[in-house]
Amino acid sequence: MTDGLVEANPCRCGGTGTERSVERRIVGPELVLELADAMTARFRAMVLLAGFGGLRLGELLALRRRHVDLAAGTSPSKSRW
């Protein structure tokens, strides 16, 4: 811009840099457990992972049984997500 070839920055837009997001309410553990209890067995773990693990829908849908080692309580280190 100091060379004078461009008179104004084309990347400047009005209102940028101002955060306008509304504060989201946090669901408490009691409600997470209540929701999980209301689900069928098939979706119970999904609700618990979303509520207590903070997983998003895409992450939940990508999970497979091979991604969890129940005996060790971990995720196999060599698994390919």
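The values are calculated or read from the model by the stated rules, or taken from the named source; none is laboratory data. These numbers come from a predicted model, not from an experiment. Cβ sites come from the backbone with ideal geometry, for glycine too, and all protein chains shown count toward neighbours.
Annotations
- Sole residue being assigned to a loop (DSSP other than H, G, I, E, B) and in contact (Cβ under 8 Å) with a residue 12 or more places away in the chain, chosen from V27, V22, V47: V27
- In the range 1-43, residue surrounded by the fewest Cβ atoms within 10 Å (Cβ to Cβ) [restricted to those that are of a type in the set (K, R) and more than 30 Å from A62 (Cβ to Cβ)]: R20
- Here the range 65-75 is the region considered, the condition is being assigned to a loop (DSSP other than H, G, I, E, B) and under 21 Å from the mean Cα position of the chain (by Cα), and the residue that is modelled with the highest pLDDT is V68.
- Unmet criterion (only one of (1) modelled with pLDDT of 95 or more; (2) not in a helix (DSSP H, G or I)) for L55: (1)
- Scanning the range 1-50 for residues that are closer than 30 Å to R65 by Cα and of a type in the set (K, R) yields R42, R44.
- Residue within the range 41-55 that is under 27 Å from S75 (Cα atoms) and over 21 Å from the mean Cα position of the chain (by Cα) present: yes
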